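The values are calculated or read from the model by the stated rules, or taken from the named source; none is laboratory data. Quick caveat, the model's predicted, so the values are computed rather than measured. For neighbour counting, all protein chains shown are included, and Cβ atoms are generated from backbone atoms with ideal geometry for every residue, glycine included.
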Amino acid sequence: MERALWYYDLISPFAYLHFHSLAPLRERLRIEPVPVLFAGMLKHWGTKGPAETAPKRLHTYQYCVWQAGVQGIPFRMPPRHPFNPLAAQRLMVALEAGDDVIGQAFGFVFGEGRDPELEFDALAERLGAGDAAERVARPEVKQRLVANTQQAIDQGVFGVPTLVLRGQVFWGNDTVEWATRFLDEPDLFEHPEYATARATGAGIVRG
């Protein structure tokens, strides 16, 4: 089965939604989840997260409530957001988290609305990681998370969630149909319209 990489951070409610919308692709792809630090991407690309602009922050949270309802999955924002996901992401690395663990972790955060930073011990208990504090402190775990994030950046990933398939970047919860079309039509990005999109120059650049 063909392999694709799925970059995620537990800080992202869109990643929670995307996790639950990947079922059609899972039937056709071996999707390898890769925990990263969204903040590292923002720093590298010089961009802001949706929670850093007040109106966009509210819009994002309310949209996620609506979208979760459309998808038929539970959704509840944690009491504060954004939180610091560093320890939780390191735990995902340490556990070599597969879909079951990731699903439980996302369910803890956005299904139940709990804070993985302030309730890290409870998250670790939920995931069956009694030695979580020791695990996330290991140098190799810390380095792996950094390396994962750099790998994503090197592939042109600028946000989460992102699926990378055959070198193409599919960012966001609303790109599942697009990725499916690409599977059905491997030369999709060679169509003239896509070539025009690639050739489009920047008319103005903010300082």
Kindly establish whether ALA51 is in contact with a helix residue (DSSP H, G or I) (Cβ under 6 Å, 6 or more places away or on another chain) and at pLDDT below 95.
-> yes
Taking segment 19-40 as the region of interest, how many residues are surrounded by 22 or more Cβ atoms within 10 Å (Cβ to Cβ) and closer than 19 Å to LYS56 by Cα?
-> 1
Across segment 46-57, which residue is farthest from the chain's Cα centre (by Cα) among those that are loosely packed, with under 12 Cβ neighbours inside 10 Å and of a type outside the set (Gly, Ala, Ser)?
-> PRO55
Output the residues belonging to segment 58-85 that are surrounded by fewer than 16 Cβ atoms within 10 Å (Cβ to Cβ) and either modelled with pLDDT under 95 or within 19 Å of TYR7 (Cβ to Cβ) (or both).
-> ASN84
Listed by first then second residue, the pairs whose first member lies in segment 178-192 and is without any contact (Cβ under 8 Å) to a residue 40 or more places away in the chain and within 13 Å of LEU29 (Cβ to Cβ), whose partner is outside any helix (DSSP H, G or I) and hydrophobic (A, V, I, L, M, F, W, C), with beta carbons under 7 Å and at least 6 positions apart or on separate chains, are PHE182/LEU165
Leading residue by the ranking (farthest from the chain's Cα centre (by Cα)) among those in segment 27-42 that are closer than 19 Å to ARG181 by Cα and in contact (Cβ under 8 Å) with a residue 12 or more places away in the chain | ARG28
Tally of residues being farther than 13 Å from PRO85 by Cβ, in contact with a Lys or Arg (Cβ under 9 Å, 6 or more places away or on another chain) and among the aliphatic types (A, V, I, L, M) across segment 1-49 | 4
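One line per residue, one yes/no per condition, for (1) in contact (Cβ under 8 Å) with a residue 40 or more places away in the chain; (2) within 25 Å of ASN148 (Cα to Cα):
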position	(1), (2)
LEU165	yes, yes
TRP171	no, yes
THR175	no, yes
ALA202	no, no
ARG206	no, no
Condition broken by GLY72, with the remaining ones in (1) farther than 21 Å from TRP171 by Cα; (2) touching a helix residue (DSSP H, G or I) at 6+ places or on another chain (Cβ under 7 Å) satisfied = (2)
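Tell me which residues, restricted to segment 6-53, are part of a strand (DSSP E or B), under 15 Å from MET92 (Cα atoms) and either out of contact with any strand residue (DSSP E or B) (no Cβ under 8 Å at 6 or more places or on another chain) or aliphatic (A, V, I, L, M) (or both). Don't jump to the end; show me each part of the working.
Our first condition is that a residue be part of a strand (DSSP E or B); within segment 6-53, this holds for 6-8, 29-35.
Now narrow it down to the ones that are under 15 Å from MET92 (Cα atoms): 6-8, 32-35.
Once the filter is applied, which keeps residues that are part of a strand (DSSP E or B), under 15 Å from MET92 (Cα atoms) and either out of contact with any strand residue (DSSP E or B) (no Cβ under 8 Å at 6 or more places or on another chain) or aliphatic (A, V, I, L, M) (or both), segment 6-53 yields only VAL34.
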Residue selected from segment 86-132 under the condition touching a residue at least 24 places away in the same chain (Cβ under 8 Å), buried (at least 17 other Cβ atoms within 10 Å of the Cβ) and outside any helix (DSSP H, G or I), by the criterion farthest from the chain's Cα centre (by Cα) = ALA129
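When residues of segment 169-207 are filtered for being under 27 Å from TYR63 (Cα atoms) and in a helix (DSSP H, G or I), how many remain?
Initial filter on segment 169-207 (under 27 Å from TYR63 (Cα atoms)): 169-182.
Add one more test, that the residue is in a helix (DSSP H, G or I), and what stays is 176-182.
Summing the residues that are under 27 Å from TYR63 (Cα atoms) and in a helix (DSSP H, G or I) in segment 169-207 gives 7.
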